[in-house]
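Here is the structure we will look at, set down as structure tokens.
Since every read-out is calculated from the coordinates, none of them should be taken as a lab result. The shown structure was predicted, so the numbers you read here are calculated from the model rather than taken from an experiment. Here Cβ is always computed from backbone atoms with ideal geometry, including for glycine, and neighbour counts include all displayed protein chains.
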Amino acid sequence: IVKADNIEKIHIYNDNVWICDQTEGIICYNTNTKTSRTLNDNSQSSFIQKDIRDIIQIDKTTFIIATWSSLSAIRFETDNYLQSPFHIIDLTQHDSYYTPILKNRITDIHFDKSNNVLWVGTFGRGLLKLNLKGNDIKPYPVER
């Protein structure tokens, strides 16, 4: 596996170990082939290169990625993650409500698969709930 000294989270989905590293980005390691891929392609968004807090699999080809300041979806064309092209969708970048809440504050994410809800823990801003049903992502703040 490539150098990964600042590991934030590790997840295993099927035969792949997903490593979230603060300096190297996201590393996918296949336990069968013993090969890995670092998802820091320069043609993609710069967020993928640093400060990855967590990655959660939503379906066969879609993952949600949390950095300290943003939430994004990464969609692979196939489930061969070591080879497949992918594209990134920023989920909150242009949302004036969420930008100040999430900026430099995301600490944890959890996906409630049965309700298609993404829970976002923040540092000093509480808990947020994002509805991922259908093609739209609808944010809902948690009532206090």
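For ILE109, the amide hydrogen comes within under 5 Å of the amide hydrogens of GLY121, counting only partners 5 or more places away or on other chains and with H modelled in the peptide plane.
FRET efficiency for the THR33 to LYS129 pair, using the beta carbon distance and R₀ = 30 Å, is estimated at 0.20.
If I take R0 = 25 Å and measure r between the Cβ atoms of ILE89 and LYS60 in this structure, what FRET efficiency does the formula 1/(1 + (r/R0)^6) give, to the nearest 0.05?
Once the sixth-power term is evaluated, E becomes 0.90.
Once the chain from THR107 to ASP15 is taken as fully extended at 0.36 nm per residue, the excess over their C-alpha distance is 30.5 nm.
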